[in-house]
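Structure first, then comments.
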Amino acid sequence: MNKFVAFILALISFPALAHYNSMYLTGKNEICLLTRDQIEIRADGKVNTVAEDLFRPFGLDILPGGNLLVADSGNSTIKILDDKGQLVSSFGGKGNSDSSLLRPLGVFCDEAGRIVVSDTGNNCIKVFDKEGSFLFKFGKRGYGDSDFLNPFHIFKGSNNSIFVTDPGNICVKRYSKDGAFLVKFSEKLLSVSDAALHPDGSIYICDFLDRSVKIYAADGKFKNYYKNRFYYNRPTLIAINKQGDIAVNDDEKGTVELNSAGKEITFKTEGHRDLWAYKIFAAAAGKDGEVYCTDFSGDFYMKVSKDGISAAFGGHGTGPGLFCGAKGIGLDAKGNIYVSDSFNGRIESFDAGGKFLSDFKGFDWPLQLAVGPDDAVYVSETGRNLIRKLDTAGKTLQEIKPGEYFNPGPLAVDAVLNIGVINTLNKSFIMLDPSGKALMSFSFESKWPVSVAAGTEGNFYVYDALESAVFALNKGGLVAKAKLDLQSQRRQKYGALIFKEGRLFFFNSNQLSEVIFPTPPVKQP
């Protein structure tokens, strides 16, 4: 079984993971927090807000004269605001040309007056003059030292060098003022959500999966922990001013903690509770031997081989290839990939290389999906309380609704096109024939069934996250049960069942592990 084990490291801290997008600390210890549509400035227990038609502002820098430089990611523009929030100037606009931007998530102005932008949607860093005219860019999508996977926050270093948080590659990188690669910070990192430069030259990095802030020397070597998991729940943002004061946002605790000259000040914020990264919602096995899975916290899907993550695609948004609630996933006979984009009300399709092909719109909360052996796409459309069957071009072939009290969740399709589905209204498993007629029902009572897989021997398998167990079911009812040995953390228990090379596996945020039944399930007559 060892050759199938795939350890999942943190991939990316997407905007959906935190209530606050970024944070800036002034020399007066004013904490600037960027929210969905405004900037909150906190000082002396008071909160002031600055807003100017902002939509998901992420990057922030304060210019020498006091104006605010903002990466307005939702509008794909860079804006300069005065201290009252009034627009002074702007540049950019949605696109992939040199002068346009796509979801910029970081910005700063260097000592030479140049404006540096992380053009996240285009996976590059762009440099503009102070008037907003394009100068040059560097980087592309990829895994190398000069490549990025969704470059996030950026900050300036000495000699106008450029630091880039590259959470998709789980590192922070430093470049010269001309874009030449200098050094990478990645030792001991499980994830990256934010980073900042200390006046002593050290780099502080938020590792939210490891629940710590780590300190690195200028040459990229790990030095120490600023604070570790015994102090933080989920540190997502960090800011350091020129005096060396340090502010850290713990999004799960709902606090920003400011350390100034050894004195700690805590600001209460609107944090997220009980939220963890890498909620694996669904998984499917590809013919290439890799596992395909969705993460609906981060709004992406990824491919995982026996050697780890091989590729990841998506991000939060409404455009082609982006998601707002990436949940179900399935593959057809050609290797094309289908993902249910729940909050955007559509199904998106991609080729085997991850290239966006098309989207099927007009769904009402498409929750889960499965691709059957007939190459049809079966979708749990929870907003309409039915299962919709589509061809691979998106044409509706059938609508299945076995009863009035039916709200479909996770589902699977077996070799003879029977459908196994969780009815989320009463936490029961229902087995349907191809026409939609109910063949059997099994109640999980107060438990939490979250994943279904179809076996080759006529059984369906259901994973119950509350009990950490897998149930084998067929038309005769329960035929076997296997208890999984999972860690106590809730995120370890959230995962999906898949069949890979004829064997049943449970896939979660740590590994792919085979499900072994004490007594093998009997074959269905």
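The values are calculated or read from the model by the stated rules, or taken from the named source; none is laboratory data. The model shown is predicted, which means the values in this text are computed figures rather than measured ones. Here the Cβ positions follow ideal geometry from the backbone for every residue, glycine too, while neighbour counts run over all protein chains shown. What goes into the accessible areas is simple: the full protein's heavy atoms, side chains included, and nothing from ligands, DNA or RNA. Shrake-Rupley method; radii C 1.70, N 1.55, O 1.52, S 1.80 Å.
Numerical summary
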item	result
Total residues in region 152-172, condition more than 18 Å from the chain's Cα centre (by Cα), of a type in the set (S, T, N, Q) and open to solvent by less than 50 Å² (accessible area, probe 1.4 Å)	2
Region 327-357, residues that are under 21 Å from the mean Cα position of the chain (by Cα), open to solvent by 20 Å² or more (accessible area, probe 1.4 Å), farther than 18 Å from ALA453 by Cβ and touching a residue at least 24 places away in the same chain (Cβ under 8 Å)	ASN344, ALA352, PHE356
Region 118-129 residues that are under 17 Å from PRO320 (Cβ atoms), paired with ones that are in a helix (DSSP H, G or I) (beta carbon under 9 Å, 6 or more apart)	THR120/SER73; GLY121/SER73; ASN123/GLY168
Some residue of region 244-265 being at pLDDT below 80, part of a loop (DSSP other than H, G, I, E, B) and within 27 Å of ALA454 (Cβ to Cβ)	no
Residues of region 414-433 satisfying the condition of being among the hydroxyl-bearing types (Ser, Thr, Tyr) and open to solvent by 40 Å² or more (accessible area, probe 1.4 Å)	THR424
Subset of region 192-225 [open to solvent by 50 Å² or more (accessible area, probe 1.4 Å) and aromatic (Phe, Trp, Tyr)]	TYR225
Strands (runs of 3 or more DSSP E) wholly inside region 367-421 that include at least 2 residues being within 28 Å of the chain's Cα centre (by Cα) and among the hydroxyl-bearing types (Ser, Thr, Tyr)	377-381
Complete set of residues in region 77-101 that are in contact (Cβ under 8 Å) with a residue 40 or more places away in the chain and either in a helix (DSSP H, G or I) or surrounded by 14 or more Cβ atoms within 10 Å (Cβ to Cβ) (or both)	ILE78, GLY85, SER90, PHE91, GLY92
Test for LYS437: is it of a type in the set (D, E, K, R), in contact with a strand residue (DSSP E or B) (Cβ under 8 Å, 6 or more places away or on another chain) and closer than 25 Å to ASN459 by Cβ	no
Those residues of region 67-79 which are within 29 Å of the chain's Cα centre (by Cα) and farther than 11 Å from LEU54 by Cα, in sequence order	LEU68, LEU69
Residue, modelled with the lowest pLDDT, within region 116-142, restricted to residues that are surrounded by fewer than 15 Cβ atoms within 10 Å (Cβ to Cβ) and part of a loop (DSSP other than H, G, I, E, B)	GLY142
Filter pass, ASN426 being modelled with pLDDT under 90 and polar (S, T, N, Q)	yes
Members of region 152-172 found to be among the small types (Gly, Ala, Ser) and in a helix (DSSP H, G or I), listed by number	SER158, GLY168
Near pairs, Cβ below 8 angstrom, 6+ apart or cross-chain, from region 432-444 (without any contact (Cβ under 8 Å) to a residue 60 or more places away in the chain) to any residue that is part of a loop (DSSP other than H, G, I, E, B) and charged (D, E, K, R)	GLY436/LYS401; LEU439/ASP433; LEU439/LYS475; MET440/LYS475; SER443/LYS427; PHE444/LYS427
Out of GLY74, GLY113, GLY27, sole residue that is farther than 24 Å from ILE238 by Cβ and either surrounded by fewer than 23 Cβ atoms within 10 Å (Cβ to Cβ) or not small (Gly, Ala, Ser) (or both)	GLY113
Given (1) touching a Ser or Thr at 6+ places or on another chain (Cβ under 7 Å); (2) part of a loop (DSSP other than H, G, I, E, B), index of the condition ASP145 fails	(1)
Yes/no for ILE309 being under 25 Å from THR165 (Cβ atoms) and at pLDDT 85 or above	no
Qualifying position, being of a type in the set (Asp, Glu) and farther than 23 Å from PHE506 by Cβ, among ASP391, ASP414	ASP391
Whichever residue in region 41-71 is open to solvent by 20 Å² or more (accessible area, probe 1.4 Å) and charged (D, E, K, R) and, among such residues, is farthest from SER97 (Cα to Cα)	ASP44
Restricting region 451-467 to residues that are out of contact with any helix residue (DSSP H, G or I) (no Cβ under 6 Å at 6 or more places or on another chain) and in a loop (DSSP other than H, G, I, E, B), the residue that is surrounded by the fewest Cβ atoms within 10 Å (Cβ to Cβ)	THR456
Condition broken by GLN492, with the remaining ones in (1) out of contact with any Phe, Trp or Tyr (no Cβ under 9 Å at 6 or more places or on another chain); (2) modelled with pLDDT under 90; (3) surrounded by fewer than 16 Cβ atoms within 10 Å (Cβ to Cβ) satisfied	(3)
Condition check for VAL213: part of a loop (DSSP other than H, G, I, E, B), aliphatic (A, V, I, L, M) and touching a strand residue (DSSP E or B) at 6+ places or on another chain (Cβ under 9 Å)	no
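Condition check ((1) open to solvent by 10 Å² or more (accessible area, probe 1.4 Å); (2) under 16 Å from LEU258 (Cα atoms); (3) of a type in the set (Asp, Glu); (4) outside any loop (DSSP other than H, G, I, E, B)) across all residues:
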residue: ASN150; (1), (2), (3), (4): yes, no, no, no
residue: ARG174; (1), (2), (3), (4): yes, no, no, yes
residue: VAL183; (1), (2), (3), (4): yes, no, no, yes
residue: LEU189; (1), (2), (3), (4): yes, no, no, no
residue: TYR232; (1), (2), (3), (4): no, yes, no, no
residue: THR236; (1), (2), (3), (4): no, yes, no, yes
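Per-residue answers, yes or no, for (1) in contact with a Pro (Cβ under 6 Å, 6 or more places away or on another chain); (2) not hydrophobic (A, V, I, L, M, F, W, C):
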residue	(1), (2)
VAL164	yes, no
ALA180	no, no
PHE185	no, no
LEU189	no, no
VAL192	yes, no
GLY201	no, yes
ARG211	no, yes
ASP219	no, yes
ASN224	no, yes
